[in-house]
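Step one of this worksheet: look at the structure below.
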Amino acid sequence: MRDIFPANVISVTDLSPSLIRLVLAVGNMELFERTKHPGEWVSLWFPDAAGALPLPARNLCGKRLPRNRSRPYTLRKIDWREGTVTIDMVRHAGGLAASWAAQARMGDQLLMGQPEGRFRIAPGIDRILIFADITGLPAIARIFDEWQGQARAIAHICVPFPADRPMMFAPETHEIHWHQQSEADDQLLGSVAESISFLPGRDYVWIAAEATTVARLKRCFRAKGAYDGDVTTIGYWIRGHSRR
């Protein structure tokens, strides 16, 4: 399968109370198809309890790996020279990926898909409004690392603990507003969004958080006059349910 890559863990680092960083060595990385969008992600397929990786099964579209064994994760960094990618994962109780990451060790194996991306800014945009919980933090950090445009970014980011705030580079024209938020508090980002002005065709909105929060913020900006191309939404997780 040309679009599936073997990946081996070469390091595991505790970044903060809520984040774990994995560096993965990727086989056949020269076949990676870059999206050219900051904040791109890949699907990772995880082994079962016995350590076995999933095998492709045939369906109407040909051979595919089982979707229920995969989860999407942001590529925090790509090192083409070393053939590695860096992925930051959020700790939480239970779940396929979080349970695996809590026990991950050097040499553990995964499978990885081709990168995908949605960060698209139309010409003429003056301001980028970013709303995210901690699951969107790796993508925001990558966007700030790589975005070369002239638009000014204003980011509102919710994290569970003050120590989850990373040392993150942002140009002087950008603003980062940190909010401490527990998982049970799902209203904070919505309240912030409702208080912010929006100019259709001049502002671009990027939202990455829990799915119901994302839906609320999308409705909020639609009510302010946003068109489809003005808002990009990513529901990284679903409260009380598996992501896939």
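Computing FRET efficiency as 1/(1 + (r/R0)^6) for residue 80 and residue 194, where r is the C-beta to C-beta distance and R0 is 30 Å, gives about 0.10. Note: relative contact order over the chain, using C-alpha pairs below 8 Å and six or more positions apart, is 20 percent.
With each label modelled as a point 7 angstrom along the Cα→C-beta vector, the residue 176-residue 99 pair spans 3.3 nm.
Would you mind telling me the antiparallel percentage of the DSSP bridges in segment 103-244, rounded to 5?
5 percent
Sequence-distant contacts, meaning Cα pairs under 8 Å at least 6 residues apart, place the relative contact order of segment 102-244 at 26 percent. Taking the empirical scaling 2.2 N^0.38 Å for compact globular proteins as reference, the chain has a Cα radius of gyration ratio of 1.02.
Take the Kirkwood radius over Cα pairs of segment 62-111, plug it into Stokes-Einstein at 10 °C and 1.306 mPa s, and you get 123 µm²/s for translational diffusion. Across segment 1-119, the mean sequence separation of Cα contacts (distance under 8 Å, 6 or more residues apart), normalised by length, yields a relative contact order of 41 percent. Using θ = phi - 60° in the Karplus curve 6.51 cos²θ - 1.76 cosθ + 1.60, the 3J(HN,Hα) couplings for segment 113-128 round to x, 6, x, 10, x, 9, 7, 10, 10, 6, x, x, 6, 9, 9, 10 Hz; x is entered for Gly and Pro. The distance from the alpha carbon centre of segment 179-218 to that of segment 104-164 is 15 Å, rounded to a whole number.
What does the convex hull of the Cα atoms come to per residue for segment 29-161, in Å³? Mind dumping the intermediate values first?
Working: hull volume 20.4 nm³, N = 133.
Spelled out: Cα convex hull of segment 29-161, divided by residues, is 153 Å³.
Under 16 Å of direct C-alpha separation, and excluding same-chain neighbours fewer than eight residues apart, residue 224 reaches these aspartates and glutamates: 194, 203. Here the 3J(HN,Hα) profile of segment 188-194, calculated from phi with Karplus coefficients 6.51, -1.76 and 1.60 at θ = phi - 60°, is 5, 4, x, 5, 5, 4, 5 Hz, Gly and Pro shown as x. Taking each DSSP H run with n ≥ 4 as -39500 (n - 2.57) and averaging over every residue of the chain yields -4500 deg cm²/dmol at 222 nm. Near residue 112, the amide H atoms lying under 5 Å from its own belong to 5, 7, 45; only residues 5 or more places off or on other chains count, and H is placed 1.01 Å from N. Using alpha carbons only, the radius of gyration of segment 131-195 set against its Kirkwood radius gives Rg/Rh = 0.97. In terms of the mean number of neighbouring beta-carbon atoms within 10 Å, the peptides 207-219, 151-163, 7-19 order highest first as 207-219, 151-163, 7-19.
Laboratory data are not the source of any read-out in this text; all were calculated from the coordinates shown. All figures in this text were calculated on a predicted structure; none of them were measured in a lab. Every residue, glycine among them, receives a Cβ derived from its backbone with ideal geometry; neighbour counts consider all protein chains shown.
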